[in-house]
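Trainee: For reference, the structure I am asking about is given below.
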Amino acid sequence: MARLQILPLPEGTGDDRPPFVLVVDQMEPQRYVVGEGMEGQPDHWDVVAKRIGARGAIVLPDTVEIPANGPLPLPEVDEVSEADFTTMATAVHQALGIDITEGMPDIAGWLLAACRELEKSEAARTRLRTERDRANEALTRVRDLTEQPEVMNVNPESPYATQDGYAQGIRAAKRAIEDERSQTAEHGG
C-alpha cells in the first residue's frame with residue numbers, strides 16, 4: 001500500500017508555492033492502455049500534489065525514509081525521586097480530605113457520599129433553573145406591559161394624573177430591568 005510523505009524544500013527558490021514535494025513510496029507501477037489518437041493518462045499523483053499546493057510529486061516503488069517525517073525525540077526528563085512522589089501523594093490526600101492514617105480507606109463510602117453530593121447539586125441546579133425561568137417570565141410580563149392602561153378606576157377630577165403615574169411606573173419598571181441586565185452583563189453573568 002502506498003505511503004504519502006512530505007519532503008520539505010529549502011526556502012528562496014523564487015516560487016510562490018509552499019516549499020514541499022509530495023513523496024509517494026511503496027507504490028506499484030500501473031500500466032494504462034492508450035488507444036490511437038489518445039493522449040497518455042495524466043499522473044493522478046501530480047493532480048493530488050497540485051491540489052494540496054505541493055511543487056510536484058515523486059512516486060517510487062521502494063520505501064523511502066525522510067528524516068523530517070520521523071518520530072520526534074523525547075525530551076530529556078529528570079528522574080523523579082520517591083520523596084517527590086510521597087510529597088505529591090500527601091498533598092493530594094490533604095486536598096481531597098483523605099486521612100490514610102486510619103488504615104484502609106472506605107472507598108465505597110466515599111463513592112456513596114460523592115453520589116449523594118452529585119444528586120444534591122443536580123437538585124439545586126434544577127431548582128435554580130426553575131427560579132430563573134419564573135423570573136424570566138415575570139420580566140417578560142413587565143417588558144410587555146403597555147404604557148396605557150386598558151381599564152383604570154380614576155378620579156373624575158384628575159383622570160390624567162393617575163394615567164401619567166401608571167405610565168411612569170411602567171417606564172420605571174422597564175428601566176430597572178434594563179439596568180439590572182446591563183449590570184449583569186458587565187459582571188460576566
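Results for (1) hydrophobic (A, V, I, L, M, F, W, C); (2) at pLDDT 75 or above; (3) surrounded by 10 or more Cβ atoms within 10 Å (Cβ to Cβ), shown as yes or no for each residue.
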residue: Ile98; (1), (2), (3): yes, no, yes
residue: Thr101; (1), (2), (3): no, no, no
residue: Leu128; (1), (2), (3): yes, yes, yes
residue: Ile177; (1), (2), (3): yes, yes, yes
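Trainee: Is there any pair with a first residue in the range 15-38 that is more than 26 Å from Asp62 (Cβ to Cβ) and a second that is surrounded by 14 or more Cβ atoms within 10 Å (Cβ to Cβ) and of a type outside the set (A, V, I, L, M) whose Cβ atoms are under 6 Å apart and which are 6 or more apart or on different chains, and what are they?
Mentor: Going by the 6 Å Cβ cut-off, the qualifying pairs are Arg17/Arg55.
Trainee: Looking at (1) aliphatic (A, V, I, L, M); (2) at pLDDT 75 or above; (3) assigned to a loop (DSSP other than H, G, I, E, B), can you tell me which one Met152 breaks?
Mentor: (2)
Trainee: Let me ask another. One residue is enough: does the range 68-86 have a residue meeting the conditions at pLDDT 80 or above and not in a loop (DSSP other than H, G, I, E, B)?
Mentor: No, there is no match, as no residue in the range 68-86 is at pLDDT 80 or above and not in a loop (DSSP other than H, G, I, E, B).
The values are calculated or read from the model by the stated rules, or taken from the named source; none is laboratory data. Remember, it's a predicted structure, so these values are computed and weren't measured experimentally. As a convention, Cβ positions derive from the backbone with ideal geometry for all residues, glycine included, and neighbour counts pool all protein chains shown.
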